[in-house]
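The values are calculated or read from the model by the stated rules, or taken from the named source; none is laboratory data. Values in this document were obtained by computation on a predicted structure and should not be read as measured data. When we count neighbours, we look across all protein chains shown, and the Cβ atoms used for this are built from the backbone with ideal geometry, even at glycine.
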Amino acid sequence: MGVRIKSTGISRAGDTFSIVELSGAAARQSMERAGVRPDQVGVLINAGIFRDSNTVEPAVSALIQKAAGIGLDYVKEDPRSFSFDLMNAGVGVLNAVQVAQSILATGSAEHVLIVSGDTHPSMKRGAGDDEFPYATSGAALLLENTDEPEGFGRVHTVAGSGTPAIESYVDLNTMGTRGRGLMTVIREPDAEDRLLAVAADAARLALSEADPEQATTALIASTPTGDFPERLAAELGIAPNAVFGPDLSQGDPHTAALPLAYDAAIAGKALDGFTHVLFVAAGAGPSAAAALYRLPAPVGAAA
């Protein structure tokens, strides 16, 4: 038994820059695409980092759960749903997959919904810049158990040493009354190289699970820089034409990068001909996570 992606959902900044609304819309789209009712979602995990007005309380996951229409009824016989934030920089989505695997293994939830995405805390812009490089977007992965030979393998994590490489914080000493709409982001000069090192280590651990004689692997990686996935592919010996990424025209989607890239690749049938996807996420810490995902066999193909 494994855990597979049943459907995806995406939502980009347009009429709103609220990550609560965008993540809620992505969650609803994923359920609609899968034909899954809100009461069939037992757990919602929010992996987003940068939120509306730098909200601290309540948990942003609860706000997204409400926006998604999940668990809003309180009749005694209604199924129970709950949500929580899981924040670990750009690595959070794969950490959430790891938690979802444990939840689904117990049979306590029919589906787990992972949402991710970031916005500028001012909610007045959607594109990144040199000071705040992150694009505003929401994404969702709807996960379920499967008896088929497909789905996520083990999530491997690696932590680097030394300083965090990337830091984000609200500088209370200088922001005064504007702190709810501002965020300071500091990227060390060697941040990309340090992220690449831990990402490659995590990726090699995940690739060790694949049979090189049978696996044809595509790479989907986080995008702390535009060429980070290609640099990682070169480190791993993966061909450039097997690398798939999200739309970077507005900046780095950060926590939403992996689901956005997977959604685009599936929609464009770009993964046809591949047996596996190697998901690799890297972020502040420096830290990284990687998991090998076995794609469903084409209809009519032997398992």
Q. Residues in segment 166-177: is at least one surrounded by 20 or more Cβ atoms within 10 Å (Cβ to Cβ) and under 20 Å from the mean Cα position of the chain (by Cα)?
A. yes
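What's the total number of residues in segment 34-64 that are in a helix (DSSP H, G or I) and either acidic (Asp, Glu) or free of Cβ contacts under 8 Å to residues at least 60 places away in the same chain (or both)? Give the derivation first.
Taking segment 34-64 and keeping what is in a helix (DSSP H, G or I), we get 34, 38-40, 52-54, 60-64.
Filter once more, so that each one left must be either acidic (Asp, Glu) or free of Cβ contacts under 8 Å to residues at least 60 places away in the same chain (or both): 38-39, 52, 60-64.
Looking only at that region, the number is 8.
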By residue number, the members of segment 22-51 that are within 15 Å of Ser137 (Cα to Cα) and either surrounded by fewer than 20 Cβ atoms within 10 Å (Cβ to Cβ) or among the hydrophobic types (A, V, I, L, M, F, W, C) (or both) are Leu22, Ala25, Ala26, Ala27, Arg28, Ala47, Ile49, Phe50
Selection from segment 77-120 of residues outside any strand (DSSP E or B), of a type outside the set (A, V, I, L, M), farther than 16 Å from Ala291 by Cα and under 17 Å from the mean Cα position of the chain (by Cα) yields Thr119
In segment 149-183, anything part of a strand (DSSP E or B) and touching a residue at least 24 places away in the same chain (Cβ under 8 Å) is listed as Gly151, Phe152, His156, Thr157, Val158, Ala159, Ile166, Glu167, Ser168
Among the residues that make up segment 65-76, is at least one of them in contact (Cβ under 8 Å) with a residue 12 or more places away in the chain and of a type in the set (Ser, Thr, Tyr)? no
Over segment 83-99, the set of residues of a type in the set (Val, Ile, Thr), over 19 Å from Ala165 (Cβ atoms) and crowded, with 24+ Cβ neighbours inside 10 Å is Val97
When every residue in segment 196-251 that is hydroxyl-bearing (Ser, Thr, Tyr) and over 19 Å from Ala291 (Cβ atoms) is compared, the one surrounded by the fewest Cβ atoms within 10 Å (Cβ to Cβ) is Ser249
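Please tell me if Glu144 is farther than 20 Å from Ala257 by Cβ, in the same structural domain as Ala47 (by TED's automatic domain parsing) and touching a residue at least 40 places away in the same chain (Cβ under 8 Å).
Values: farther than 20 Å from Ala257 by Cβ: yes; in the same structural domain as Ala47 (by TED's automatic domain parsing): yes; touching a residue at least 40 places away in the same chain (Cβ under 8 Å): yes.
For Glu144, the condition - farther than 20 Å from Ala257 by Cβ, in the same structural domain as Ala47 (by TED's automatic domain parsing) and touching a residue at least 40 places away in the same chain (Cβ under 8 Å) - is met.
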Among the residues of segment 178-195, the number that are crowded, with 17+ Cβ neighbours inside 10 Å and either hydrophobic (A, V, I, L, M, F, W, C) or modelled with pLDDT under 80 (or both) is 4
